[in-house]
Amino acid sequence: MTVGRQNSRPALTGVGIGWRPELAQLLDSMARDGSLGFSEVIAESVGSELSPALAALRERGVPVVPHGVSLGLAGAARPDPDRIARLARAAQLLDAPLVSEHVAFVRAGGVGLHSDVLPAGHLVPGPRTRESLAVLVANVRETMAGLPVPLALENPASTLPWPEDEFSEADFLTELVERTGCWLLLDLANIYVSTRTHEVVNDHLVNRQHARALITNPQHWFDRLPLDRVAYLHIAGGAEHDGVYTDTHTHDLSEAVLGVLTAFLSRTTSQPGVLIERDDQLSPANSRQEWQLVSDTIQAVTPDGGVTR
Amino acid sequence: MIATATTMSAPDSLRGNLADRQHEVLSSLLAGRVPAGFEPRTATATARILGTKRWRGVLAADPELVEIPQARSLFERYAAVHPQPECSHHDGEAFVRWATLNASLPARLAAAQHFAVQQVFAGRRRVATTRRHGRRVLFVGLADSVFELKWRW
């Protein structure tokens, strides 16, 4: 039986900037001049009504995607129906073309021996095994059934390879898409994090199965992933500490991460929208500069493609 | 690949096994330990990220915690033996109580003063004094309000 899926990629194009109150004026200005492709807001921050600034952005026709951070779909417990309902309400309020979440767990336990819940306070990548995939698929299907729009799932920043990993990240995501019909939110910075992490782990290999689960080249991701199922992209800055690279969402975009964007665009004729994420060291000037950098990178690879809506 | 099942459920045994495993690994990371079998540098990096996020969470709930000397390193010691609750505010309160018993002077005194101020805001104490940004501050709880009086010097 083939899993039903929506065949048309949700309409997100151009270069977008993640919604932050500090950037409200900039985003409004970019919406007015037509340069802002789309935006994304943390779903849990959307209340029963849109803030005036977000409502204005929507009135100017800018798509805004609610991006959830609390479902914990890669966790052992079934997704919380109240959290799914909240995500659905955010999608309806924003009239969003889709919603997004993560292939990660945010709390451990809540099932069986561990009825107590241990919060992680972070999006933690889980083990990539046949068993964990079965649980993830069930959680994603249940979530999709409760949403009025398609769901895109983001690859996490994998600084934590598990010794029992059986799948590479790309193969794990491909299986997930095939079994559920979900879309992908491909985080290019997180791909770079993973390749750098696996270079470190290569020095600590415990078995050949583990070695097969590692990918140290972004091109390998694009060989395996169903690129036509990428709804949109994330890109962000990061930094290295003690030999491990992490996506900090604080530092400027690096040549290496922009290189992953170039590599992706070179492999597909579709041009999903690219959203720039930044959580700290925010300034309108910096965000505008990053938008231009990403736009120039896209233009260099796809000269006939535009970056306006 | 063609999916062979459309059921939404996953066997309870799979969920139980996954819960046990994630709980085991997360507990180690939150305590600042490398879980067995994990590569040390990447696991340590992840533990550091978790610790930083937890600290930022309690700071967001109570920014004045930074007035406690060596608050960050004290918090790391506290976090290593205290699982993170769902609420960062409660986490911060528990940290301050812990610091009043386990920190050395002058941090212990600062924590005790901070705890006393928390008790005023909780309605369990009428008056407390502490130092904020180098100035002595008096907190007075009256009815449903808390008044803050700052010394000029």
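The values are calculated or read from the model by the stated rules, or taken from the named source; none is laboratory data. The model shown is predicted, which means the values in this text are computed figures rather than measured ones. Cβ sites come from the backbone with ideal geometry, for glycine too, and all protein chains shown count toward neighbours. These area figures cover heavy atoms from the full protein model, side chains too; ligands, DNA and RNA do not enter into them. Shrake-Rupley method; radii C 1.70, N 1.55, O 1.52, S 1.80 Å.
Assorted remarks:
- Taking segment A:125-143 as the range and being farther than 14 Å from B:Leu18 by Cα and either facing chain B (nearest Cβ under 7 Å) or without any contact (Cβ under 8 Å) to a residue 24 or more places away in the chain (or both) as the test, the residues that pass are A:Arg141, A:Glu142.
- Taken together, the residues in segment B:36-72 that are assigned to a helix (DSSP H, G or I), closer than 12 Å to B:Phe95 by Cβ and not basic (Lys, Arg) amount to 7.
- For segment A:47-59, the tally of residues that are surrounded by fewer than 17 Cβ atoms within 10 Å (Cβ to Cβ) and in a helix (DSSP H, G or I) stands at 5.
- Residue match in segment B:119-127 (condition: assigned to a helix (DSSP H, G or I) and open to solvent by less than 70 Å² (accessible area, probe 1.4 Å)): yes
- For segment A:144-176, the set of residues classified as free of Cβ contacts under 8 Å to residues at least 60 places away in the same chain and among the aliphatic types (A, V, I, L, M) consists of A:Met144, A:Ala145, A:Leu151, A:Leu160, A:Ala170, listed by residue number.
- For segment A:34-46, a residue qualifies if it is more than 15 Å from the chain's Cα centre (by Cα) and open to solvent by less than 40 Å² (accessible area, probe 1.4 Å), and the qualifying residues are A:Gly34, A:Ser35, A:Leu36, A:Gly37, A:Val46.
- Given (1) open to solvent by less than 10 Å² (accessible area, probe 1.4 Å); (2) facing chain B (nearest Cβ under 7 Å), index of the condition A:Leu151 fails: (2)
- Total residues in segment B:29-70 satisfying the condition of being under 29 Å from B:Phe115 (Cα atoms) and more than 7 Å from chain A (Cβ to nearest Cβ): the figure is 23.
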